[in-house]
Structures are given as structure tokens and as C-alpha cells.
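The block underneath contains the structure these notes are about, expressed in C-alpha cells.
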Amino acid sequence: MDNIGSNKIHIYYDSRTGNVQRFIDKVAQITGWQIHKISADLQVEHPGHLVTFTTNFGQVPENTKEFMKREAKNIYSVTSSGNRNWGPNFGLAADRISHDFDIPLAFKFELSGTMEDINQFIDILKNFCDGSKRSSKKLDIA
């Protein structure tokens with residue numbers, strides 16, 4: 001395993017159809033970063049980054065919304081999967097979370113992402129987010 005960056009990076013994710021799960025599993029395999037699946041009782045012990053999906057024509061999943069209400073102060077950036085067939089609603093959950101919680105939007109990817117998407121996401125977190133504070137807007141490159 002090639003430990004790019006640092007094992008101290010934590011990623012919190014929500015997945016319904018398995019697309020985000022597949023994306024996150026590949027990221028973890030490459031980097032060794034710590035991943036945590038969002039659940040109703042998950043409490044963030046280490047600040048990190050959120051990866052979620054977009055549902056219902058551009059909406060934030062309910063589970064993700066509830067997680068962010070509790071833990072937004074511990075989230076440095078947001079990334080979302082989506083489907084380009086939805087046009088302007090593609091990955092819109094990330095835009096909504098970024099706006100609602102004043103968190104930088106790191107990246108958007110389609111379905112479970114390509115290897116290029118995975119490598120770009122890793123590069124973004126490694127080079128722009130590692131140790132960044134929530135208020136940093138450096139990430140708005142999605």
C-alpha cells in the first residue's frame with residue numbers, strides 16, 4: 001500500500017447505492033486514510049472531510065443532513081457523487097452543503113468515479129486540505 005499523504009486524514013461518507021462506498025474503498029486502499037461510514041450515532045473524534053451522494057434531483061441525503069447538523073464544525077470540505085444525466089443538478093448536494101455550512105467544495109465525481117477522479121480527489125485533499133482549517137476557500141476548484 002502506498003501511503004500518500006498521512007494516515008491522519010479522516011473521511012466521513014454516506015452511500016446508498018454503493019457508488020460512494022466503491023469510491024471511498026479505492027481511496028482508502030491507495031492512501032491508508034481513515035474512513036468512517038455516517039450513521040445516526042457516529043460522533044466525529046477527528047476532524048475530516050465529507051463525501052456524500054446527491055439524491056432526488058439535487059437534494060442532500062437525509063442521513064448526511066442530520067450528520068452535518070451535528071458535526072459540521074469538524075468537517076473541512078465536501079465532495080459529492082452524482083450523475084451527469086441530471087445536468088445542472090449533477091453533484092448538487094455538495095454545492096448545497098458547501099453553501100449551507102460554509103464549507104469548501106472539494107470535488108464532484110460521477111457514479112463511483114474513475115481512477116482519474118480518485119487520483120484527483122486524493123491530490124486535492126493531500127495538497128490543499130491536509131491540515132487546512134474549515135474557513136479555507138482554497139478548495140473551491142471543483
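Each reported figure results from applying straightforward, stated rules to the coordinates on display, with no laboratory input. Remember, it's a predicted structure, so these values are computed and weren't measured experimentally. Glycine also receives a Cβ, built like all others from the backbone with ideal geometry; neighbour counts cover every protein chain displayed.
Values as computed for the structure displayed
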quantity	calculated
Test for Ile118: is it of a type in the set (Val, Ile, Thr) and either closer than 26 Å to Gln29 by Cα or surrounded by fewer than 24 Cβ atoms within 10 Å (Cβ to Cβ) (or both)	yes
Test result for Glu62, within 19 Å of Trp33 (Cα to Cα), acidic (Asp, Glu) and more than 11 Å from the chain's Cα centre (by Cα)	no
Positions within region 103-115 being buried (at least 17 other Cβ atoms within 10 Å of the Cβ) and either more than 12 Å from the chain's Cα centre (by Cα) or part of a helix (DSSP H, G or I) (or both), in sequence order	Leu111, Ser112, Gly113
